[in-house]
Amino acid sequence: MTDSSTTPYGYTETLERATGRFASFAVAFAFVSIATGIFTTYGSVLNSSGPLGIWTWPIVIIGQLAVALLLGSLAARIPVTGYAYQWVSRLANPIFGWITGWISFTFLAIVVVAVDYTVASTVVPALFDFTGTPATAFLITAGVLLLQALLVGLSTRWTERVNNFAVTAELIGMVALVVLLFIVGVIAHKLSVGNLFSRGEIPADGYWSFGTATSAGPWMLGFLLGAFTIVGFESAANLAEETKKPEIVVPRAMWQAVLASGVLGFLFLLVVTAAVNDPTALAESGTPIADVIRDILGSFVGTALLVLVAIAIFACGLVILMSGVRLVWAMSRDQRFPGWQVLHKVSPRFGTPLNATIVMAAISAVILGLFSTSTDALFKLFSAATLLPAIIYAITVALYIATRKRLPASKGFSLGRWEIPILVVAVVWLVFELSLFRDASFKDPWLYAAIMVAIGAVYLGYLLVTRGRHGLKMPEMASIDAELDHLATPTEDSVK
């Protein structure tokens, strides 16, 4: 008989492989969460680029879809928990892989705070009609983070059930809102096509400028709407060892999540922007999307939207935390994360990386405490959460280009003749996206990234001193098809 406890790439299977197609898609879609992203950043785009800024969204979708297809190709070849950490370790070397894994960890640790903080600073005050303060935002965010940690730490199955419900509600709710806003807006004559091409209060002079060495032009800042929202689709790959047929399911979940989010999100942006009564006044609101919904569909539907957004944001934070936990666990399994002696363990009672969950939640709570005293904490958080994935994607795509001719084949997912055009689109998009962050307003996100990288460099130095380069060796690249065939076929060693 075959040894079913062994998985490809040299690891022992310790997590239950129960995640199906929809659950994998739901993980990717929930991380992207168009309800969360649009609700959080729409007001910022109105202030930086005016309503015209929404037209950057389709360009972001094309760019991120190209990135998702390339990362999906890697996920099919290396379907192992740890995603970018695992990919880069094998495409380049374990040291570069560790650096990428650490950057991924810093991204996940801060983005869960950014997402949960949105509930506390905008959604809850709007729902219960009170003026939020940094203190109330901190307490509410900490409470949400604790609830998410309990779910992730105690039951993967219930985490997925909650997420599946939330994603289903978000899909149905967003489609219903698009249809209702369009129908009611047309009947009530409240839709204005002119809004779609309005700059609001942004001056026409210099609007289309690329900016200077330390500033981006107004139209360029509009890209942050999509760049903040359409990220995290690769989270499905971080559950590869818990997914049935991951070499097929995970890549499909990734690109489908980007495409579904892109199309539905753009339709929602179009109808909401057309329904704006006064773009200039709306830019001053802390909840511009909810204000538009209330104006067109009434207070009841507006409140229902806030509830839907709260559910979507909770699920988004839940999936982010789970993805971060899996990354910490994967790096600890390789004895490469501080405290790995404890963090690599899977709870025999709950079947989850419980210790890694506790540590990940605690680190995010510390980050929350550091940012929550700032009056513009939300902008700093989502700026950092936009910068870091762009860096991760750029590193991974660059290595894909450098090694693509020697990558093993996979029957599960292949780009075929479309590989070169997709590579070109992805590179052009990522270079452009990274150029946005030269703007002086992103000083704090760069500072956060530098501090976290410095902390990581100290630990990496410790690993190299105590173990040497060979002590960080990773399993070799191999064909996923050959690995799976090997596992499915009894050998002399496996037959007893």
- request: Considering every residue within the range 113-134, establish whether at least one is closer than 16 Å to R333 by Cβ, open to solvent by less than 10 Å² (accessible area, probe 1.4 Å) and touching a residue at least 24 places away in the same chain (Cβ under 8 Å).
  value: no
Residue check, F314 over 30 Å from A409 (Cβ atoms), free of Cβ contacts under 8 Å to residues at least 24 places away in the same chain and either of a type in the set (F, W, Y) or touching an Asp or Glu at 6+ places or on another chain (Cβ under 8 Å) (or both): no
message: Step by step: first the residues of the range 319-360, then only those that are among the aliphatic types (A, V, I, L, M) and under 17 Å from the mean Cα position of the chain (by Cα), then the one that is nearest to T81 (Cα to Cα). Which residue is that?
response: L327
query: When you scan the range 330-371, how many residues do you find that are of a type in the set (S, T, Y) and surrounded by fewer than 21 Cβ atoms within 10 Å (Cβ to Cβ)?
result: 1
- prompt: Looking only at the range 420-460, which residues are assigned to a helix (DSSP H, G or I), open to solvent by 30 Å² or more (accessible area, probe 1.4 Å) and either touching a helix residue (DSSP H, G or I) at 6+ places or on another chain (Cβ under 6 Å) or not hydrophobic (A, V, I, L, M, F, W, C) (or both)?
  reply: P421, V425, L434, S435, S441, K443, D444, Y459
statement: Cβ pairs under 9 Å, 6+ apart or interchain, first in the range 395-419 and within 20 Å of K245 (Cβ to Cβ) and open to solvent by 30 Å² or more (accessible area, probe 1.4 Å), second of a type outside the set (A, V, I, L, M) and modelled with pLDDT under 85, ordered by first then second residue, are A409/S479; A409/D481; K411/D481
- line: Taking the range 283-307 and keeping residues under 16 Å from I34 (Cα atoms) and either open to solvent by 50 Å² or more (accessible area, probe 1.4 Å) or outside any helix (DSSP H, G or I) (or both) leaves T287, V307
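Table: residues versus (1) over 25 Å from V88 (Cα atoms); (2) touching a Leu at 6+ places or on another chain (Cβ under 7 Å); (3) part of a loop (DSSP other than H, G, I, E, B); (4) touching a residue at least 60 places away in the same chain (Cβ under 8 Å).
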site: G324; (1), (2), (3), (4): no, yes, no, yes
site: P348; (1), (2), (3), (4): yes, no, yes, no
site: V366; (1), (2), (3), (4): yes, no, no, no
site: L381; (1), (2), (3), (4): yes, no, no, yes
message: Checking L327 against (1) more than 22 Å from I172 (Cα to Cα); (2) open to solvent by 20 Å² or more (accessible area, probe 1.4 Å), only one condition comes out false. Which one?
response: (2)
- line: For A356, the lone unmet condition from (1) modelled with pLDDT of 95 or more; (2) within 22 Å of A384 (Cα to Cα) is (2)
- prompt: In this structure, is A176 open to solvent by less than 50 Å² (accessible area, probe 1.4 Å), assigned to a helix (DSSP H, G or I) and in contact with an Asp or Glu (Cβ under 9 Å, 6 or more places away or on another chain)?
  reply: no
task: Among the residues of the range 25-63, write down those that are buried (at least 23 other Cβ atoms within 10 Å of the Cβ), over 14 Å from the mean Cα position of the chain (by Cα) and of a type in the set (G, A, S).
output: S48, S49, G50, G53, G63
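Considering only residues that are of a type in the set (S, T, N, Q) and in a loop (DSSP other than H, G, I, E, B), look in the range 180-236 and name the one that is most open to solvent (accessible area, probe 1.4 Å). First the steps, then the outcome.
First, the residues of the range 180-236 that are of a type in the set (S, T, N, Q): 192, 195, 198, 209, 212, 214-215, 229, 235.
Checking which are in a loop (DSSP other than H, G, I, E, B) leaves us with 192, 198, 209, 214.
Working: S192: 47, S198: 31, S209: 50, T214: 87 Å².
Of everything passing the filter in the range 180-236, T214 is most open to solvent (accessible area, probe 1.4 Å).
The values are calculated or read from the model by the stated rules, or taken from the named source; none is laboratory data. Predicted, not measured: the structure shown is a model, and the values here were computed from it. Don't worry about glycine lacking a Cβ; one is built from the backbone with ideal geometry, like all the others, and counts go over all protein chains shown. Accessible surface is based on the protein model in full, side chains and every heavy atom, while ligands, DNA and RNA are left aside. Shrake-Rupley method; radii C 1.70, N 1.55, O 1.52, S 1.80 Å.
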